[in-house]
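Asker: Take this structure, written in structure tokens, and hold onto it; I'll ask about it next.
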Amino acid sequence: MVQLQPVPVTAGYIRPPMPRTLAGKIWDQHVVRSAPGEPDLLYIDLHLVHEVTSPQAFESLRLNGRRVRRPDLTVATVDHNNPTLGGYEAADEISRKQMDALRDNCEWAGIKLYGLGSRRQGIVHVIGPELGLTHPGKTIVCGDSHTSTHGAFGALAFGIGSSEVEHVLATQCLWQRRPRDLAVEVDGELPIGVTAKDLVLGLIAQVGIAAGSGSAVEYRGSTIRGLSMEGRMTVCNMSIEWGARVGMVGPDDKTFAFLEGRPNAPQGAEWEAALDRWRALASDPDAAFDEVLRLDASALEPFVTWGTNPGQAAPISGRVPEPGDETAERALRYMDLRPGTALQDIPLDRVFIGSCTNARLEDLRVAAAVVRGRRVHPRVRAMVVPGSATVKLAAEAEGLDRVFTEAGFEWRDAGCSMCLGMNNDVLAPGERCASTSNRNFEGRQGSGGRTHLVSPPMAAAAALAGHLVDVRDLTHLPPGEVVPERRGWGSGRPTPTLPGGEGVSG
């Protein structure tokens, strides 16, 4: 047996700190209590709330005589249930009850609510960064799985369940087990027509939907650094789709430029102090990850899903594959597809451009560049749903709404919309949709609906063609006119902020 000898400690010697990952540093800074064999108790810096997962939590607080511990660290919006056409009166009874309950609960607890009619209302993972609520180094939770979106800013952000929503409301803390550390190194220049959405779909298709299970994933490499903040949010948003708990990108000058001047970002001397803290947030050079995955971005094409999970995806130039197992066979039956069918031969009934994955101003700009001066195919019903009221107003100021409506798209109000079948915007049984959202599960967009996940420019091109199509075939697009910084899409102009509109509205 090897005998381990203790190392003598010289007086005044300080043991150097162990190298840590970005996720590990933020985690350690927020541990309130830790004990061997038990989850850690984490302090939560920001709790985002919406109308779907919060009613039970608030009701339980009342029944137990508790109040919200830190209403100043809690922000609410309506997004899942609200209609994107016709306003409150167009909602069904259940949706109105959930929106009413959130309004009443926020009034009771003193929580800021961006309700219908507010210039700040929108999808919770869109308005958080817009409002400057999302900062590097924060712990952020929400009763929504795609909270990982906020990790694009170097935050430790993850979704929680209804019982955990109650725990955070009551204590501003949460019991959690430390995730394993996983790095994804992406290098190479994105080819023409390839976006951040294609990058993450290509990754998931390569590694599978369980490869990131229980992990805090840090996205690294020259390609990630080249993405805009909107592109990074898209990648982090879909981390959950390959099993990750957290998706992150280390903060840099792009992060700081995005946040500077936003309503809830630090100001003046506090901004300079925040920059000093944020610049120190990076994985140590010799930090050990449990696993490292690598992806060559230059080899990517535009991707599209053919099945019923995000990992069942292929380049648009490919064909529907032969099923390798019962899961794939079931997916093909549900999607009503035959192996060997060219993906570009798949006809469509609907096109949806929206969701917390791809409904930011940059996404709408790129989609509008595809459809400008063209018409939606007569067979297709297509809609564009901005991710927030801020995005909608900014897009209208640029005339993007006219580009879409003149092409035959429906221009809607902000909300989650057809990302999920929880509001008026749903697919009919058997309808097939090209969608910029994040999930293509059975019935996700409506009972019996069939979903193909694509990027915004791919969705726009599909609306014009009436079937899945390779956006690179639309040779009228000069790449430099769409995105001046690089050949691929996803590093364009930042989303502007809009003044005013801070009041609570029903």
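Asker: Has the range 289-305 got any residue that is touching a Pro at 6+ places or on another chain (Cβ under 9 Å) and assigned to a strand (DSSP E or B)?
Answerer: Checking the range 289-305: at least one residue is touching a Pro at 6+ places or on another chain (Cβ under 9 Å) and assigned to a strand (DSSP E or B).
Asker: Can you tell me which of Ala210, Ala157 is touching a Gly at 6+ places or on another chain (Cβ under 8 Å) and closer than 28 Å to Glu362 by Cα?
Answerer: Selected residue: Ala157, the only one of Ala210, Ala157 that is touching a Gly at 6+ places or on another chain (Cβ under 8 Å) and closer than 28 Å to Glu362 by Cα.
Asker: Take the residues in the range 35-52 that are in a loop (DSSP other than H, G, I, E, B) and touching a helix residue (DSSP H, G or I) at 6+ places or on another chain (Cβ under 9 Å), then tell me which one is nearest to Gln172 (Cα to Cα).
Answerer: If we take residues in the range 35-52 being in a loop (DSSP other than H, G, I, E, B) and touching a helix residue (DSSP H, G or I) at 6+ places or on another chain (Cβ under 9 Å), then Ile44 is nearest to Gln172 (Cα to Cα).
Asker: Find the residue count for the range 353-391, including only residues that are under 18 Å from the mean Cα position of the chain (by Cα) and outside any helix (DSSP H, G or I).
Answerer: The qualifying residues number 13.
Asker: If you don't mind, there's one more thing I want to ask. Consider only pairs whose beta carbons are under 8 Å apart and that are at least six residues apart or on different chains; among these, list those whose first residue lies in the range 70-82 and is under 16 Å from His135 (Cβ atoms) and whose second residue is assigned to a helix (DSSP H, G or I).
Answerer: Thr74/Ala109; Thr74/Leu169; Val75/Gly128
Asker: When you check Thr234 against the structure, is it in contact (Cβ under 8 Å) with a residue 60 or more places away in the chain, more than 21 Å from Phe158 (Cβ to Cβ) and surrounded by 24 or more Cβ atoms within 10 Å (Cβ to Cβ), yes or no?
Answerer: no
Asker: Within the range 98-121, restricting attention to residues that are touching a Leu at 6+ places or on another chain (Cβ under 9 Å) and among the small types (Gly, Ala, Ser), which residue is nearest to His50 (Cα to Cα)?
Answerer: If we take residues in the range 98-121 being touching a Leu at 6+ places or on another chain (Cβ under 9 Å) and among the small types (Gly, Ala, Ser), then Gly115 is nearest to His50 (Cα to Cα).
Asker: Which residue pairs have Cβ atoms closer than 7 Å, lie 6 or more positions apart in sequence or on different chains, and pair a first residue in the range 173-200 that is on the phi > 0 side of the Ramachandran plot with a second residue that is open to solvent by 30 Å² or more (accessible area, probe 1.4 Å) and not in a helix (DSSP H, G or I)?
Answerer: Gly188/Asp296
Asker: Mind telling me which of the residues Ala205, Ala170, Ala216 ends up being surrounded by fewer than 18 Cβ atoms within 10 Å (Cβ to Cβ) and of a type in the set (A, V, I, L, M)?
Answerer: Exactly one of Ala205, Ala170, Ala216 is surrounded by fewer than 18 Cβ atoms within 10 Å (Cβ to Cβ) and of a type in the set (A, V, I, L, M), namely Ala170.
Asker: Can you confirm whether Leu102 is open to solvent by less than 10 Å² (accessible area, probe 1.4 Å), touching a strand residue (DSSP E or B) at 6+ places or on another chain (Cβ under 7 Å), more than 18 Å from Met422 (Cβ to Cβ) and not aromatic (Phe, Trp, Tyr)? Steps first, please.
Answerer: On the way: open to solvent by less than 10 Å² (accessible area, probe 1.4 Å): yes; touching a strand residue (DSSP E or B) at 6+ places or on another chain (Cβ under 7 Å): yes; more than 18 Å from Met422 (Cβ to Cβ): no; not aromatic (Phe, Trp, Tyr): yes.
Taking the combined requirement at face value, the residue does not satisfy it.
Asker: Go over the candidates Gly488, Gly500 one by one and state the one that is crowded, with 24+ Cβ neighbours inside 10 Å and at pLDDT below 75. If you could, list the steps in order and put the result at the bottom.
Answerer: Working: Gly500 fails: crowded, with 24+ Cβ neighbours inside 10 Å.
Gly488 is the lone residue from the list that is crowded, with 24+ Cβ neighbours inside 10 Å and at pLDDT below 75.
Asker: Filtering the range 323-349 down to residues that are of a type in the set (Ser, Thr, Tyr) and open to solvent by less than 80 Å² (accessible area, probe 1.4 Å), which residue is nearest to Ala459 (Cα to Cα)? Full working, then the answer.
Answerer: Narrowing the range 323-349 to residues of a type in the set (Ser, Thr, Tyr): 327, 334, 341.
Now drop any that are not open to solvent by less than 80 Å² (accessible area, probe 1.4 Å), which leaves 334, 341.
Values: Tyr334: 21, Thr341: 19 Å.
Going through the qualifying residues, I end up with Thr341.
Asker: Looking only at the range 76-108, count how many residues are assigned to a helix (DSSP H, G or I) and in contact with a Pro (Cβ under 8 Å, 6 or more places away or on another chain). Step through it out loud before you land on a result.
Answerer: Initially, the range 76-108 is screened for residues assigned to a helix (DSSP H, G or I), giving 88-90, 93-108.
If we keep only those that are in contact with a Pro (Cβ under 8 Å, 6 or more places away or on another chain) as well, we get 90, 95, 98, 101-102, 105.
Number of matching residues: 6.
Asker: For residues that are polar (S, T, N, Q) and not in a strand (DSSP E or B), scanning just the range 190-236, find the one that is nearest to Val246 (Cα to Cα). Break it down into steps so the answer makes sense when it comes.
Answerer: If we filter the range 190-236 for residues that are polar (S, T, N, Q), which is where we start, we get 195, 206, 213, 215, 222-223, 228, 234.
Then keep just the ones that are not in a strand (DSSP E or B); that gives 195, 206, 213, 222-223, 228, 234.
Values: Thr195: 21, Gln206: 19, Ser213: 10, Ser222: 21, Thr223: 19, Ser228: 19, Thr234: 13 Å.
So the residue we want is Ser213.
Asker: List every residue pair whose Cβ atoms lie under 6 Å apart, where the two residues are 6 or more positions apart in sequence or sit on different chains, the first residue falls within the range 211-226 and is without any contact (Cβ under 8 Å) to a residue 12 or more places away in the chain and under 13 Å from Asp252 (Cα atoms), and the second residue, located anywhere, is of a type outside the set (A, V, I, L, M, F, W, C) and surrounded by fewer than 21 Cβ atoms within 10 Å (Cβ to Cβ).
Answerer: So the pair list comes out empty.
Asker: While we're here: Go through the range 237-254 and give me each residue that's within 16 Å of the chain's Cα centre (by Cα) and outside any loop (DSSP other than H, G, I, E, B).
Answerer: Asn237, Met238, Ser239, Ile240, Glu241, Trp242, Val246, Gly247, Met248
Asker: For the range 397-445, what are the residues that are polar (S, T, N, Q) and open to solvent by 10 Å² or more (accessible area, probe 1.4 Å)?
Answerer: If the condition is that a residue be polar (S, T, N, Q) and open to solvent by 10 Å² or more (accessible area, probe 1.4 Å), then Thr405, Asn423, Asn424 are the ones that fit.
Asker: Still on this model: Tell me, which residue of the range 172-189 that is of a type outside the set (D, E, K, R) and in a strand (DSSP E or B) is nearest to Arg70 (Cα to Cα)?
Answerer: Ranking the candidates gives Cys173 first.
Asker: Of Ser163, Ser148, which residue is of a type in the set (Gly, Ala, Ser), buried (at least 18 other Cβ atoms within 10 Å of the Cβ) and in a helix (DSSP H, G or I)? So that I can check it myself, show each step before the final result.
Answerer: Numbers: Ser163 fails: buried (at least 18 other Cβ atoms within 10 Å of the Cβ).
The conditions single out Ser148.
Asker: I would also like to ask the following. Would you check which residues across the range 255-269 are among the aliphatic types (A, V, I, L, M) and in a helix (DSSP H, G or I) and list them?
Answerer: Passing the criteria: Ala257, Leu259, Ala269.
Asker: Let me ask something else about it. Among the numbered criteria (1) modelled with pLDDT of 95 or more; (2) over 23 Å from the mean Cα position of the chain (by Cα), which single criterion is violated by Ala90?
Answerer: (1)
The values are calculated or read from the model by the stated rules, or taken from the named source; none is laboratory data. Quick caveat, the model's predicted, so the values are computed rather than measured. Cβ atoms come from the backbone with ideal geometry, glycine included; neighbour counts cover every protein chain shown. Heads up: the accessible areas ignore ligands, DNA and RNA and are worked out on the full protein's heavy atoms, side chains in. Shrake-Rupley method; radii C 1.70, N 1.55, O 1.52, S 1.80 Å.
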